Amino acid sequence: MVRARQSQTQTDDHQKMVRARQSQTQTDSTALVLQTEQPTPLSVIPPIVSSYNDKIRPLLDAVDKLRDLKVTEEGIQLPTIVVVGDQSSGKSSVLESLAGISLPRGQGICTRVPLIMKLQHHSNPEPELSLMYGDRVQHTDESKISEDIVNATNHIAGGGKGISNTPLTLLVKKTGVPDLTMVDLPGITRVPVHGQPENIYDQIKDMIMEYIVPNESIILNVLSATVDFTTCESIRMSQSVDKHGERTLAVVTKADKAPEGLLEKVTADDVNIGLGYVCVRNRIGDETYEEARAISDQLFQTHPLLSKIDKSMVGIPVLAQKLVHIQATSIGRNLPEIVKKINDKLGSCLSELNSMPKCLSSVAEAMTEFMQIIGFSKESLKKILVRGEFEEYKDEKRMHCTARLVEMLDEYSNELHKCGQSELNGENFLMEEIMILEEAKGIKLPNFVPRNAFLFILQGKVDKIKYMPTEFVERVWTYIEEVVISVLMKQSENYYQLHLSVRRAGHNLMAKMKERSINWMREIVEMEQLTDYTCNPDYVSEWNRLLSGQEAFIKAVLSDEKQPSTIVVEGMGEVQVGHLRQYPNILSQAFDLKMRMIAYWKVVLRRLVDCMALHLQLSVANLVNKEMEKEIISEVMGPNYGGGTGIERMLEESPCVALKREKLIKSIKKLKDSKEVVSNIMDGIFA
Ligand code: GDP
Ligand code: MG
């Protein structure tokens, strides 16, 4: 019950709306020169909407000019009346009726390209008709127009049954026509006819969508009275972009063929047509326009059912007047935004063009640009790699190189220190030393620690870590390479050829630098392996400190078999000693040897880290200050190019840059022209 009452209220509201709309149109039409009562020959009907013309014409002309300039290609939508409808719903017939000319009409798909129809009232009794497509302008007349449209369509979309997006413009200057610009689109068809591509439905749908999606478009939905509106494809499409029909107007054709229930259909408004319905009866067969108009007027005045439809909802003149009114409102509403969009777009195109690389025209110019690129790259790299100034790459942590390098170095140092630490406190404490001392025995005083034993242990330790420095060097250079290449690429991105050679030079150079560093690191490691030396007093003091626990240690190991078998040793924590009791004689030497090694190993590791740091700093400085420039210049100036040096090749622009520049220049020209068009019209309005 509640639901029923609700829907009743809705229908009431709705009918009120419809009535309001009808009376609105009535007031409008009385204000205008509208003569629908007496059938009058078209040629003597005064311009349907003459009182509007003076104001609308300049606006419409401006919009038409913008359309001719193809400003929509720049993403600026224009207020456009778009004619949509299912196939054979009578779209072309409606346009014919409005224009008073013959368009190709009939079964199957006739309209295969968007037909932009510009109607202009002029006072010269001689009509002027012309067709425009591509760069062509073709004058024609009423007897040939239909044929010429067919030919032009064939020219654009081919002789078959395919469709094309390229529009065809038809200008009709004629006494009495309403000033209107409309786009006729191919009718929607579900089933391809013989010779049509399989996906014809999707093609047509895409084309229609392109035209009706923009909010600026007014949808003129052509519906045949003979069908159920709710099943029309064109209704489904227009509703998908304009749910409440706020910018949709319906023309119901073929009123003569299905007068029964038509009044109910258009008042019930089951399909949400916000801008209202107009029922028409178009010209059929060989009727002249005058005859057709007379028959139509007669029909809506005398037919028992059709005459009941309000006069504000029937006939071509009413349709014309409504369209002109809607068009004027839409243009008025949209123009300020269009002006703004043109200005914005022009601004953005200009700044984009300015930020594009200069088009180089001489070797001298290219040379200057090249030197600048090298200069900028050098400066950039100096900042991030050497001086730690990274404002250029605020948010790119990876490019904050000094910090990243220190982190890497710390990690390297930690790895070095960790390696071999675990063996210190194991169950085999001192066993390695004891074994080596046993084998290094000689005929000599017993309390000297033999140097060869020390070296032997040292070599073993170095062997274990010697992969680390080289691995680290590789890692660091891979990182630096990444940074250098990315800076070089960024600086040279505008010059395609240069971009390539700079990248090549960058990779070559980095490979060289990496190799050099690896060799150098190998040498350092070899040096550590060859001999034991340091002048660092820390070594001696550390050894002394560690050795101070020797006496207590030996005592503890040898004193009593029943003692616990773990002991705390200075600098090493708890160690197992049970196994040492069988080596009483060699224990003190082994302990000494161990402590020497511990003290010395610290020195070795520190040296490996320090050397690495200094070496990297020097290499990076060399790279940035000298090597890079040298490498790039020899790569770019070198003769190893098919046609001339890299500098000469710099003059050749990458095709995509050239294309982009060309496109921008074209857009700018178009937008400037558009700006001119709208500023004239705005001046006119304010004046
Ligand atoms: P389009 O495919 O939507 O462009 O439809 P057309 O304008 O080509 O019309 C299709 C057919 O319907 C043609 O044969 C027209 O003569 C016919 N037709 C169009 N409007 C009317 C009308 O108001 N009354 C009658 N009886 N026939 C019409
Ligand atoms: Mg058609």
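Would you say Val266 is closer than 21 Å to Ser93 by Cα and either at pLDDT below 95 or of a type outside the set (Asp, Glu) (or both)? Criteria met by Val266.
Results for (1) under 25 Å from His121 (Cβ atoms); (2) of a type in the set (A, V, I, L, M, F, W, C); (3) assigned to a helix (DSSP H, G or I), shown as yes or no for each residue.
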position	(1), (2), (3)
Leu223	no, yes, no
Ile235	no, yes, yes
Pro259	no, no, no
Val266	no, yes, yes
Val318	yes, yes, yes
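Being free of Cβ contacts under 8 Å to residues at least 40 places away in the same chain and closer than 20 Å to Gly506 by Cβ is a property that Met399 lacks. Does any residue of region 570-592 turn out to be buried (at least 18 other Cβ atoms within 10 Å of the Cβ), more than 26 Å from Gln459 (Cβ to Cβ) and at pLDDT below 90? Yes, region 570-592 contains a residue that is buried (at least 18 other Cβ atoms within 10 Å of the Cβ), more than 26 Å from Gln459 (Cβ to Cβ) and at pLDDT below 90.
To keep it simple, each residue is scored yes or no on (1) within 30 Å of the chain's Cα centre (by Cα); (2) surrounded by fewer than 19 Cβ atoms within 10 Å (Cβ to Cβ); (3) among the small types (Gly, Ala, Ser).
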residue: Lys345; (1), (2), (3): yes, no, no
residue: Leu350; (1), (2), (3): yes, yes, no
residue: Leu353; (1), (2), (3): yes, yes, no
residue: Ser362; (1), (2), (3): no, yes, yes
residue: Glu365; (1), (2), (3): no, yes, no
residue: Glu389; (1), (2), (3): no, yes, no
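Checked against (1) within 25 Å of Lys144 (Cα to Cα); (2) more than 16 Å from ligand 2 (Cβ to nearest atom); (3) in contact with a Pro (Cβ under 9 Å, 6 or more places away or on another chain); (4) not aromatic (Phe, Trp, Tyr), Thr72 passes all but a single condition, namely (1).
Residue by residue, here is whether (1) within 11 Å of ligand 2 (Cβ to nearest atom); (2) outside any helix (DSSP H, G or I) holds:
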| site | (1), (2) |
| --- | --- |
| Val63 | no, no |
| Gln77 | no, yes |
| Leu95 | yes, no |
| Pro104 | yes, yes |
| Val137 | no, yes |
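Flag: Pro214 matches the condition of being away from ligand 1 (no atom under 16 Å from the Cβ) and more than 24 Å from Met132 (Cα to Cα).
Listed conditions (1) over 40 Å from the mean Cα position of the chain (by Cα); (2) of a type outside the set (Asp, Glu); (3) more than 19 Å from Asp184 (Cβ to Cβ) are all met by Gly160, apart from (1). Within region 178-207, the set of residues being within 31 Å of the chain's Cα centre (by Cα) and either touching a residue at least 24 places away in the same chain (Cβ under 8 Å) or within 15 Å of ligand 2 (Cβ to nearest atom) (or both) comprises Val183, Leu185, Ile200, Gln203, Ile204, Lys205, Met207. When Glu210 is tested against (1) out of contact with any helix residue (DSSP H, G or I) (no Cβ under 9 Å at 6 or more places or on another chain); (2) farther than 30 Å from Asn334 by Cβ; (3) part of a helix (DSSP H, G or I), just one condition goes unmet, and that condition is (2).
The values are calculated or read from the model by the stated rules, or taken from the named source; none is laboratory data. All values derive from a computational prediction rather than experimental measurement. Positions of Cβ are backbone-derived with ideal geometry, glycine not excepted, and every protein chain shown enters the neighbour counts.
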